[in-house]
1. Which of Ala149, Gln183, Ile139 sits farthest toward the positive end of the charge dipole of the range 119-204, with +1 on the Cβ of Lys and Arg and -1 on the Cβ of Asp and Glu?
2. Output the pairs from Lys283/Lys303; Lys221/Lys283; Lys269/Lys299; Lys221/Lys311; Lys91/Lys309 with a Cα-Cα distance over 29 Å in this structure; if there are none, say none.
3. Using 0.36 nm per residue of separation minus the Cα-Cα distance, give me the extension gain between Glu192 and Glu348 in nm, one decimal.
4. For a paramagnetic label modelled at 7 Å from the Cα of Arg314 toward its Cβ, which residues of the range 386-409 fall within the zone defined by backbone nitrogen distances under 20 Å?
5. Stretch Leu164-Tyr79 to full length: gain in nm at 0.36 nm per residue minus the Cα-Cα span?
6. What residues have an amide H closer than 5 Å to that of Met270, excluding those fewer than 5 places away on the same chain, when H is modeled at 1.01 Å from N in the peptide plane?
7. Treat each spin label as a single point 7 Å out from the Cα along the C-beta direction, and report the Tyr279 to Thr371 distance in nm.
8. Which length gain, in nm to one decimal place, applies between Glu109 and Arg181 when the Cα-Cα distance is subtracted from 0.36 nm times their residue separation?
Amino acid sequence: MNTKADLLKELRIDRQPTPPPSRRGLWIGLAIAVAVLLLAGLALALLSGARTTEVRTATAAATGNGGSGATSVLDASGYVVARRMATVSAKITGRVREVLIEEGMAVAEGQVMATLDPVDADAQHDLARAQLGAARSQIAGVQAQLTEAEANATRLSGLVRQQLVSRAQYDQAVAQRDALRAQLATARRNAEVATESLRISDIGVDNTIVRAPFAGVVIAKAAQPGEIVSPLSAGGGFTRTGIGTIVDMDSLEVEVDVGEAYIGRVQAKMPVEATLNAYPDWKIPAEVIAIIPTADRGKATVKVRVALKEKDPRIVPDMGVTVSFLERAPETGDGAGDDAPRGVRVPEAAVATRDGGDVVFVVAGDDGDATAELRGVSTGGASGGQRILLSGVAPGETVILDPPADLADGDKVSPAGP
């Protein structure tokens, strides 16, 4: 145990002066602090300079047909329709036994789509076959009787000349022979009728098989096994009137309603550029087929048929489409038409507003070193989600869609496609 003297000794204050700090240590600490500040500034500069914005892009397309000098005189909207479409049904009323189609299935002409229960048709076929057999048997029986009657009449003919039998007996034999000949003709005619009945019963059996009337794609399946189908509606809602609906995809075209005030701009064989609402960047070449010579009084429009020059699985019936009726610029041969102003089409999302004006950001440089280039543009009309730019962007250039608000001229970007 410590004594009081020891405790007092521990509380004594050391009066010796503290040695001064070393200058070498101060210089080392200062150098470390400066190095840390320099590294932090360099890292901040590198991070700010390497900032890359990922953007969606689209390609500016020339107005008209690929920039070949065609200009749009009228824009209208319509729908893709099929000129050849059929709801396939059975020719007879019957119960569905098997359905061999599904939506989206391609079928060939004459391919079996469904079968009906053939019980009634088979029974009718068996009956017609039995009737034909009976008619043929009757022919054989009458033929045998006729052979005997002809022999009897021939024999009596000689005897009556010899006055060995009476004339009445001979006349009776001749009458029996002629009657059997008539019966034989009737039996043969009945056999022909039975043959036709058998052929008709074969058609009845074939009617239980539903076939595709033309090659196409199934867009609707309307019946299931066990249901009753009929070519006529029963009125109660329990009878199907069709097996399925098929469309000939090669017959797809566009129907457009054009206002009466503008129908004068449309002519037959006029070039058209069609744009599906589902694929706004895909321009489909087309051509006017005909102008239907009647108007819709309620809508004050005239229907125009447009033929698509490209066939593609992406084009399906009832799709919305925007069409531009084109008027090709005259070819003077001296290059005078080359200076005519031509705009480009870009998605409306590419046009932004900066300082009260319309601008577009264009991707400049390669993919690895792409930057955003700010350009002022003058805009024209808009339709179908597309905007016409009269200046500022050339056909084929890549524009940025929905540019961020903080995107500036010269910023690095990473195009990610539409």
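Every number in this text was worked out from the coordinates using simple rules, so none of it is lab data. Predicted model only: the values in this text are computed from it and were never measured. For neighbour counting, all protein chains shown are included, and Cβ atoms are generated from backbone atoms with ideal geometry for every residue, glycine included.
1. Ala149
2. Where the Cα-Cα span goes over 29 Å, the pairs concerned are Lys221/Lys283; Lys91/Lys309.
3. In short, 48.5 nm is gained.
4. 386-387, 396-402
5. 20.8 nm
6. The list, which skips near neighbours in sequence, is Val288.
7. Rounded to a tenth, the inter-label distance reads 3.6 nm.
8. Gain on stretching Glu109 to Arg181: 20.9 nm.
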